[in-house]
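Structure, as structure tokens:
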Amino acid sequence: MRMPIVKAVPVLLLFFVLTPFASAQTLILQQQFIAKYHNRATIEATFIVDHAHPQPNSPSQDGDLHAAGRSSAVGLPMVSEVMNAAGATQKAIVNAIHANEGTGKAAPIAGAWRIWFEHPSKAPQKQGANVPPAANTDPNHCFEIHPITSYAGQAVPDSLQPINGYTPKDPDTAFGEYEKLSTTIQIAANTVTLTSKQIGYNYVRFTAQLAGKPDNLDPNDEGQTDGQVVLANIIGDTSDTVLVNNLRLIFVASTLPAKALQSAPAGATMQLLGIPRVDLNAIWTFVQQSGTGTVTRKLPYEMIVVGVFGSDGTGNASTNNPKHNTRHRDGS
Amino acid sequence: MFGLPILEVAIGLCFIYLLLALICSTINETIAGITSRRAKLLEQGINSLLGDNPGLKQKLFAHPLIASLASGSSGPSYIPSSKFALALMDVVTGPEKAPNDGAALRAASGVTTPGKHNFQQTLCAVLVDERTHLHSDQAKIEDWYNDAMARVSGWYKRNTLVWIWALAAVVTLALNADTFTIFRVLWTNQGVRSAVVESAKARAQAPRPEELVPLVEYSEQDKPKEAASVNPQSHAVLTDSERAELNQLTSWKTDIGKWQKMDTGPLVGDILLHLLGWLFTIAAVSLGAPFWFDMLNKFMNVRNSGPPTGQASNSTPPSGPSSNTAAPAATPTNA
């Protein structure tokens with residue numbers, strides 16, 4: 001039977017509208033997950049290690065140890081990473097990961113949650129769908145626990161520090177790329193679908209001028225504050241201009257960067273090492289105020305601070321007074 | 001002169017052209033996505049780089065560095081120069097050699113045995129480029145690739161322009177958006193003109209078309225957990241009131257009714273006049289939404305800088321609202 005043209009036209013239009021989304025790099029998140037984690041630095045979960053690097057990456061690569069696996073609390077293909085994994089104090093956690101690799105054993109894990117379109121899948125990834133065991137150490141994923149702060153009872157808060165032998169990305173290039181990113185956000189009753197292009201630029205060294213007071217993030221599952229957040233202006237290297245205004249910086253509790261923040265005076269400038277992640281607070285705020293629908297906007301992001309540089313380039317905390325003569329991009 | 005009806009008619013025309021251009025650019029983006037237009041032009045650009053070497057192109061696109069950039073069944077729509085250079089070096093040097101093995105790269109490219117293949121000749125010339133900033137083979141290939149991508153960008157712009165013209169024609173005819181009719185209605189109907197100017201005010205305060213707008217703003221620096229949404233309701237291309245204004249000014253109903261009652265001579269004359277009006281609209285819409293957005297803001301600023309309408313000259317027909325609060329497009333800078 002032939003479909004009447006009046007019925008066929010809307011069907012065709014729907015097909016044409018939906019086709020681009022079907023082939024894009026797409027992540028479908030549950031709203032309850034966003035509601036829970038939008039103002040948390042970390043996630044606490046259990047993690048099954050399917051595959052792990054036998055050795056940490058060389059320092060020139062980034063010094064991380066990757067472990068691909070699954071977590072019921074996350075419900076997405078994921079990778080967890082230990083920073084400065086070759087360090088002596090990280091030996092126990094690396095051993096624990098290797099001991100559990102491929103056994104199917106779920107061990108407790110904590111660390112900074114991270115959503116970023118660095119290793120996207122061609123097929124949409126839906127949170128809560130069945131996640132098969134990872135086939136290798138680097139499956140297609142948009143979710144990470146990076147850096148890990150504890151695994152199987154082994155805590156490594158001091159692994160969050162600059163990586164000796166690694167050259168971080170420069171802020172002008174990295175933030176220039178972040179600022180160009182767009183995302184299409186489709187808000188449904190229970191889910192939020194993010195579609196975005198692939199982006200990398202991990203481990204950026206940057207100068208942050210604190211713009212406001214730090215605030216405690218939401219309590220974790222144990223009722224403890226898992227970190228602090230502060231708004232900062234990001235200052236470029238080459239041009240000494242403000243690259244980004246009022247960017248959220250996330251400091252994980254009990255780490256060296258968090259301690260440096262506590263001792264930083266108001267308006268201080270800090271030399272930091274950071275990893276970008278999607279700003280779920282921005283998405284959650286928008287979801288609550290906009291209702292269902294689809295928009296294309298700048299990809300909201302924030303930085304997880306994973307190291308503080310001293311004036312000698314070490315991981316020693318360093319803060320300066322706010323008298324940093326900077327120029328904004330608009331010349332002000 | 002401020003508050004003159006002619007100024008409000010100009011605002012109305014800018015506003016209608018802006019709405020039509022927004023419709024065209026949305027349709028254009030949708031079609032470009034469906035047809036992988038950008039990916040196809042990129043492939044053409046790479047074809048021009050690799051010359052008469054289809055096997056090499058196939059290997060390059062199958063290289064993990066490039067293949068990982070593809071989405072769905074289409075090829076990548078963008079390849080960073082560093083990835084292109086690394087993948088090409090890897091493919092050219094082969095699996096036995098490191099991609100940055102200069103000797104292997106030169107041997108494979110024909111620098112040591114010049115000239116039997118178009119691509120080899122080109123790569124040979126690229127690798128002997130001795131400009132100071134091109135300090136490595138990878139930088140030389142990246143520079144070569146970036147030059148080619150500048151050409152691809154030009155192709156894409158020209159291609160988009162053709163599409164926009166075609167879509168402007170389709171949308172103009174589909175809606176019967178005749179510039180002369182729109183002008184006449186705006187000039188003679190104060191109610192419509194006032195409503196259009198009100199909608200135009202709201203549109204002029206929205207972000208500039210094609211500008212990436214953030215989801216939220218963190219405006220209170222001591223409250224990093226509190227954000228304010230930016231335009232949370234702007235899901236649709238046009239708002240309900242904008243659609244209503246467009247429907248009032250562009251419709252086939254009136255003309256069809258009128259034409260049914262007309263004799264052949266006047267009918268042909270009227271259609272020819274419409275044809276001219278459509279051509280005006282098509283040409284205007286093809287200038288693009290950002291152009292009309294800027295024009296709209298300029299007219300709004302002129303209108304705002306004058307005295308309230310009530311103090312303006314009493315030229316007929318009477319003018320619409322006395323003032324507005326139009327502001328330049330918001331340009332939030334936070335992430």
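The values are calculated or read from the model by the stated rules, or taken from the named source; none is laboratory data. For clarity, every value in this text was computed on a predicted model and none was experimentally measured. No Cβ is skipped: glycine too gets one built from the backbone with ideal geometry, and neighbour counts run over all protein chains shown.
For region A:143-182, the candidate set comprises residues that are in contact with a Leu (Cβ under 6 Å, 6 or more places away or on another chain) and polar (S, T, N, Q); within that set, the residue that is farthest from residue A:26 (Cα to Cα) is A:161.
Among the residues of region A:167-205, write down those that are part of a loop (DSSP other than H, G, I, E, B) and of a type in the set (Phe, Trp, Tyr). A:201, A:203 - these are the residues of region A:167-205 that are part of a loop (DSSP other than H, G, I, E, B) and of a type in the set (Phe, Trp, Tyr). Of everything in region A:50-86, what is over 19 Å from residue A:99 (Cα atoms) and either free of Cβ contacts under 8 Å to residues at least 12 places away in the same chain or of a type in the set (Ser, Thr, Tyr) (or both)? Give them in sequence order. Within region A:50-86, A:58, A:60, A:72 qualify. Of all the residues in region A:164-184, those that are crowded, with 22+ Cβ neighbours inside 10 Å and either over 23 Å from residue A:244 (Cβ atoms) or at pLDDT below 90 (or both) number 1.
Checked against (1) part of a loop (DSSP other than H, G, I, E, B); (2) closer than 27 Å to residue A:86 by Cα; (3) within 14 Å of another protein chain (Cβ to nearest Cβ), residue A:123 passes all but condition (2).
Annotation: of all residues in region A:229-252 being outside any strand (DSSP E or B) and in contact with a helix residue (DSSP H, G or I) (Cβ under 8 Å, 6 or more places away or on another chain), the one that is farthest from residue A:155 (Cα to Cα) is A:239. If you check A:148, A:43, A:97, A:115 for being at pLDDT 95 or above and either in a loop (DSSP other than H, G, I, E, B) or over 22 Å from residue A:278 (Cα atoms) (or both), only one passes: A:97.
Condition check: outside the structural domain of residue A:40 (by TED's automatic domain parsing), touching a residue at least 60 places away in the same chain (Cβ under 8 Å), closer than 30 Å to residue B:29 by Cβ and within 16 Å of the chain's Cα centre (by Cα). Does residue A:178 satisfy that? Here the answer is yes, as residue A:178 does meet what is asked. Scan region B:67-74 and give yes if some residue there is at pLDDT below 75, touching a strand residue (DSSP E or B) at 6+ places or on another chain (Cβ under 9 Å) and within 27 Å of residue B:153 (Cβ to Cβ), otherwise no. Yes, region B:67-74 has at least one match.
For region A:282-300, the tally of residues that are part of a helix (DSSP H, G or I), in contact with a strand residue (DSSP E or B) (Cβ under 7 Å, 6 or more places away or on another chain) and under 18 Å from residue A:229 (Cβ atoms) stands at 4. What about residue A:273, is it buried (at least 24 other Cβ atoms within 10 Å of the Cβ), of a type outside the set (Ser, Thr, Tyr) and away from every other protein chain (no Cβ under 14 Å)? Answer is yes for this residue.
Quick one: would you say residue A:191 is closer than 26 Å to residue A:110 by Cα, away from chain B (no Cβ under 11 Å) and modelled with pLDDT of 90 or more? It is true that residue A:191 is closer than 26 Å to residue A:110 by Cα, away from chain B (no Cβ under 11 Å) and modelled with pLDDT of 90 or more.
For the criterion of being surrounded by 21 or more Cβ atoms within 10 Å (Cβ to Cβ), among the hydrophobic types (A, V, I, L, M, F, W, C) and part of a loop (DSSP other than H, G, I, E, B), residue A:85 passes.
Would you check if there is a residue in region B:301-309 being modelled with pLDDT under 50 and either closer than 19 Å to residue B:199 by Cβ or surrounded by 14 or more Cβ atoms within 10 Å (Cβ to Cβ) (or both)? Within region B:301-309 (the criterion being modelled with pLDDT under 50 and either closer than 19 Å to residue B:199 by Cβ or surrounded by 14 or more Cβ atoms within 10 Å (Cβ to Cβ) (or both)), the answer is yes, since at least one residue qualifies. Take the conditions (1) buried (at least 24 other Cβ atoms within 10 Å of the Cβ); (2) of a type in the set (A, V, I, L, M); (3) within 14 Å of chain B (Cβ to nearest Cβ); residue A:230 misses just one of them, which is (1). From the set of residues in region A:43-65 that are farther than 20 Å from residue A:255 by Cβ and touching an Asp or Glu at 6+ places or on another chain (Cβ under 6 Å), which is surrounded by the most Cβ atoms within 10 Å (Cβ to Cβ)? Going through the qualifying residues, I end up with A:49.
Here residue B:274 fulfils each of the conditions (1) at pLDDT below 90; (2) surrounded by fewer than 20 Cβ atoms within 10 Å (Cβ to Cβ); (3) farther than 30 Å from residue A:211 by Cα apart from (1).
Using the structure shown, decide if residue A:208 is aliphatic (A, V, I, L, M) and part of a helix (DSSP H, G or I). No; evaluated as a whole, the condition is false for this residue.
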